[in-house]
Amino acid sequence: MKTQKQHISKSHDVKASLPILKIENLKKTFGQNEVLKGFNLELYEGENLVIMGKSGSGKSVMIKCLIGLMEADSGYIEIMGHDLMALNRAELDELRTEVGFLFQGSALYDSMTVRENLEFPLRRHKHKFGIVDETTPLVEEALENVGLLDAINLMPAELSGGMKRRIALARTLILKPKIILYDEPTSGLDPITSKEIIELMRNIQKQYKTSSLIITHDVDCARVVAERMILLVDGINYAEGTFNDLAASKDKKIKAFFKQ
Ligand SMILES: Nc1ncnc2c1ncn2[C@@H]1O[C@H](COP(=O)(O)OP(=O)(O)OP(=O)(O)O)[C@@H](O)[C@H]1O
Ligand SMILES: [Mg+2]
């Protein structure tokens, strides 16, 4: 049966600008498992767009295709006007400094101190940041942004889950990306720490005017951060709209997301 895409809300004022990131008809299959069956998305400048989908629906696969960690079977991805598939390695590397990615979990390097974890992306992109040593103010600046300057010399094992998430966020921010992709930023955190992380995400967007794609199955997180939402169901962008639009929907598959 063909699923009918639900257009809950077609008009939203952010759409007046051009999309900074665009996904068209993205398909990805693993063996018999058709995960993405023609997924579409447009992220507009300065907006917080939340993608919700149940576990295993393909959210992480979608984000991995976006950052080139995984190759899609077909489809078109455009980031800041560049066709992702047409870029060579050097161009892709350059574009990567504009797109920050917060992994599901925190993915800090366990054998490095917090400072070394933050210096790592700077060293990788020498052409943009020059030689990095202890005198660079960027590390301290990024840690201050997430309220953890005191943790600069700690090892990841000495940090709590919430602190790790903040440090990972600082490591993403240090490249001053125009777009931030968050994969489950609040998963595994208690409600209070989740709230702090959400608050931080909102502050970052305000301060740096970043555009954010936030993948979550946390309804509370979506309610607070989403200016617009897309529901990923059955491999497609099944429904799109504001939180309130979607939460008021009578559609069974949409309602399932909001039952807590
Ligand atoms: N490298 C891979 N090889 C084979 N199958 C994969 C691979 N990566 C993901 N999958 C499959 O793709 C589907 C979607 O996985 P994905 O990790 O994107 O889910 P998700 O929506 O992010 O779920 P969660 O909310 O639990 O993080 C799953 O069925 C998963 O088993
Ligand atoms: Mg995932």
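A few notes on this one:
- Whenever a residue of segment 205-234 is free of Cβ contacts under 8 Å to residues at least 24 places away in the same chain, it has no partner that is within 16 Å of ligand 2 (Cβ to nearest atom) and among the hydroxyl-bearing types (Ser, Thr, Tyr) lying with C-beta atoms less than 9 angstrom away and at least six residues away or across chains.
- Here ILE79, ILE67 are screened, and the one residue that is away from ligand 1 (no atom under 16 Å from the Cβ) and within 21 Å of ILE174 (Cβ to Cβ) is ILE79.
- Residue in segment 166-178 that is touching a residue at least 60 places away in the same chain (Cβ under 8 Å), buried (at least 22 other Cβ atoms within 10 Å of the Cβ), basic (Lys, Arg) and closer than 28 Å to GLY46 by Cβ present: yes
- Here LEU181 fulfils each of the conditions (1) part of a helix (DSSP H, G or I); (2) at pLDDT 90 or above; (3) under 22 Å from ASN117 (Cβ atoms) apart from (1).
- Of the residues contained in segment 92-110, none is found to be out of contact with any strand residue (DSSP E or B) (no Cβ under 8 Å at 6 or more places or on another chain), more than 14 Å from ligand 1 (Cβ to nearest atom), under 22 Å from SER187 (Cα atoms) and at pLDDT 95 or above.
- Scanning segment 188-200 for residues that are buried (at least 19 other Cβ atoms within 10 Å of the Cβ), part of a helix (DSSP H, G or I) and touching a helix residue (DSSP H, G or I) at 6+ places or on another chain (Cβ under 6 Å) yields a total of 2.
- Subset of segment 182-203 [under 12 Å from ASN48 (Cβ atoms) and within 16 Å of ligand 1 (Cβ to nearest atom)]: TYR182, PRO185
- Condition broken by MET80, with the remaining ones in (1) closer than 25 Å to ALA222 by Cβ; (2) surrounded by fewer than 19 Cβ atoms within 10 Å (Cβ to Cβ); (3) modelled with pLDDT of 90 or more satisfied: (1)
- Within segment 35-56, the residues that satisfy the criterion of being touching a residue at least 40 places away in the same chain (Cβ under 8 Å), within 16 Å of ligand 1 (Cβ to nearest atom) and assigned to a loop (DSSP other than H, G, I, E, B) are GLY53, LYS54, SER55.
The values are calculated or read from the model by the stated rules, or taken from the named source; none is laboratory data. Because the structure is predicted, anything quoted here is derived from the model rather than measured. Backbone-built Cβ (ideal geometry, glycine too); neighbour counts: all protein chains shown.
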